[in-house]
Amino acid sequence: MTREDFLGRIAADAALATDFAAICDTGGRLQGTPSAERGFALMEERLSALGTVWNEPVPYAGWRCHEARLTDVATGRDLDCTPLLGAASTPVEGLLLDTLDCGRGAPGDVAGAAGRAVLARHEYPFSAQTIHRRVKLAAAQDAGASAFLIVQPEAGVGPVSGSSGRAGGEGIPALGISAEAGAVLAEGRRVRLTLLGSDHAATTPTLVLTMPGKGNDLVVLSAHLDGHPLGESAIDNATGLAAALCIARAVQPVAAQCERGLMVCIFGAEEWALAGSKVWLEQITLSRRQRMAVNINLDSIAGSPNLTALTSGFAKLGPFLTDAARKAGHGLRTHRPLMRNSDHANFADRQIPAARLIAGFNEPDSALRLLLTGADRREVVPMQQLREATVTAGALVWEAMTASPDAMMRIRGAV
């Protein structure tokens, strides 16, 4: 099969849209909920049509929220909020705190935070200049803050979600709040904050389908399944899941003729500080990791027509991927510094060349600004955009599966 035939199969695959809708139908897929269970069952069913699927569960620090409430004391009004995943609890009666608006919430912005509820602004996550939410939360905690409130900047979409990264350790209560709630509290208000959660030991599935090639090495195609309960987790990451299924269907009849095979990995607990893929990579054998030639991680690949490969510091990986996209008639941007915003980072930490394919990088007006909110629903994903992104992702997979051994060694910087 030629590259053109392979990509033509992807472009003509009507199941891409069907799969995307079915994944969104399972809900937001918060890890540890029936919604996530439905999502994993769906993915296992779809992948099993292509070969034997192994479920390799791994532990992560589980957590459930029982109550989250933020009340403006002066008016008695409850404000729109959602807990950050895994955040520390308040006493049962809550905490009575004064708010302190720290603007962006960068580490240098939190002076005077001791004993207060710090407000910090949520930033567009996919920019070279972004300060991650957990960096801001850590700065507030180090400054002695009693609670952390991250403010969604756009009105009309409700509160912003995200992970606290606490993983059962020390922490402070942390909520995402809406732009409207942030406007009230920015004035400096007294609030009652109640966040009651419970930590527990938990496991997440890891679905693995391997299609051997002529050689021993494998291209790892990954996507995470878990999301947030506020919407359908459509961009993040039903887009990546549907594309992975589509590419796997195109690969299945030709894998045995390629230089290297394909391993499809569907991870959970990605939204929990990348815990699922991290533990899985730690637990598998060295020989399995040594077979991994490259990781192509699909995470939020629609929402903008522009795709970027985040290439994790591997100098030769960017040119390899842009050339693969060019051969298929598609453009592809690259960003070389390692960004720890999806599962590719854990592969890179193991010296496996890894790239995250993402839409909307450095485009704060794109639909990706709606991630982690209730507005991340299927309606914001144009199907033609998802199809074109899937074809581009397929071109990268094809090149990685068919490239010469020397070309793959160059990606690692070995030649």
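The values are calculated or read from the model by the stated rules, or taken from the named source; none is laboratory data. Nothing here was measured: the structure is a model prediction, and the numbers come from that model. Don't worry about glycine lacking a Cβ; one is built from the backbone with ideal geometry, like all the others, and counts go over all protein chains shown. Just the protein is used for accessible areas: all its heavy atoms, side chains included, with ligands, DNA and RNA removed. Shrake-Rupley method; radii C 1.70, N 1.55, O 1.52, S 1.80 Å.
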**Study point:** Percent RCO, i.e. relative contact order, over the chain, from Cα pairs under 8 Å lying at least 6 residues apart
**Key:** 21 percent
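Given R₀ = 25 Å, FRET efficiency for Asn55-Arg289 by Cβ-Cβ distance, to 0.05?
Values: r = 19 Å, r/R0 = 0.77.
Computed FRET efficiency for Asn55 and Arg289: 0.85.
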Check your understanding: Amide H of Ala174: which non-local residues (sequence gap of 5 or more, or other chain) have their own amide H closer than 5 Å, using H built in the peptide plane?
Key -> Leu84, Ala88, Phe148
Check your understanding: In whole angstrom, how long is each semi-axis of the equivalent ellipsoid of the stretch 190-346, when you take the square root of 5 times every eigenvalue of its Cα gyration tensor and sort them from largest down?
Key -> 30, 20, 16
Revision key, fill the gap. Karplus-derived 3J(HN,Hα) from phi for the stretch 365-381 (6.51 cos²θ - 1.76 cosθ + 1.60, θ = phi - 60°), whole Hz, x at Gly and Pro, runs 8, 6, 5, 5, 5, 8, 4, 6, 10, x, 7, 7, 10, 4, 5, 8, 10
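Rounded to the nearest 500, what is the 222 nm mean residue ellipticity of the chain from helices alone, with -39500 (n - 2.57) per DSSP H run of 4+ residues and division by all residues?
On the way: 12 runs with 123 residues, N = 415.
Only helices count here, giving -9000 deg cm²/dmol.
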Revision key, fill the gap. Going residue by residue through the stretch 67-82, the Karplus relation 6.51 cos²θ - 1.76 cosθ + 1.60 with θ = phi - 60° gives ³J(HN,Hα) values, rounded to whole Hz and with x marking Gly or Pro, of 7, 9, 8, 10, 10, 6, 5, 4, 9, x, 8, 6, 9, 5, 8, 8
Exercise for review: With only Lys, Arg, Asp and Glu charged, each at its Cβ (+1 for the first two, -1 for the last two), find how big the charge dipole of the chain is about the Cα centre; round to the nearest 20 debye.
Suggested key: 960 debye
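So which DSSP H runs in the chain come out at 30 Å plus along the axis (Cα) with average Kyte-Doolittle of at least 0.5? Don't skip to the end; give the middle numbers.
Working: long enough: none.
In the chain, no H run is both long and hydrophobic enough.
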Review point. Given Gly108, Gly8, Ala234, which one lies farthest toward the positive end of the charge dipole of the chain, if we put +1 on the Cβ of every Lys and Arg and -1 on the Cβ of every Asp and Glu?
Key: Gly8
Practice item. Write down the radius of gyration of the chain and its Dmax, each obtained from C-alpha positions, in Å. Key: 21.5, 70
Review point. Each residue of the stretch 256-268 in order: what ³J(HN,Hα) in whole Hz does its phi give by Karplus 6.51 cos²θ - 1.76 cosθ + 1.60, θ = phi - 60°, with x for Gly and Pro?
Key: 5, 8, 8, 4, 9, x, 10, 10, 9, 10, 10, 9, x
Study note, to complete from the structure: Here the tail fraction of P(r) beyond 19 Å, over all Cα-Cα pairs of the stretch 37-187, rounds in percent to 57 percent
**Study point:** Whole-number D in µm²/s for the stretch 262-415 (Stokes-Einstein; Kirkwood sum over Cα pairs; 37 °C, 0.692 mPa s)
**Key:** 205 µm²/s
Exercise for review: Kindly identify the stretch 25-77 as rounded, prolate or oblate by the Cα gyration tensor criterion: order the square roots of the eigenvalues as a ≥ b ≥ c, call it rounded if a/c is under 1.5, otherwise compare a/b with b/c, prolate if a/b is larger, else oblate.
Suggested key: prolate
Practice item. First measure r as the distance between the Cβ atoms of Met383 and Thr130, then evaluate 1/(1 + (r/R0)^6) with R0 = 22 Å and state the FRET efficiency to the nearest 0.05. Key: 0.20
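Find the eigenvalues of the gyration tensor of the Cα atoms of the stretch 99-161, then list the square roots of 5 times those eigenvalues as equivalent ellipsoid semi-axes, largest first, in whole angstrom. Kindly include the intermediate steps, with their values, before the conclusion.
Values: eigenvalues 74, 38, 15 Å².
Ellipsoid semi-axes (Å, largest first): 19, 14, 9.
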Exercise for review: Give me the distance between the Cα centres of the stretch 371-385 and the stretch 205-229, rounded to whole Å.
Suggested key: 24 Å
Check your understanding: Any idea of Thr2's accessible area? Nearest 10 Å², probe 1.4 Å.
Key -> 70 Å²
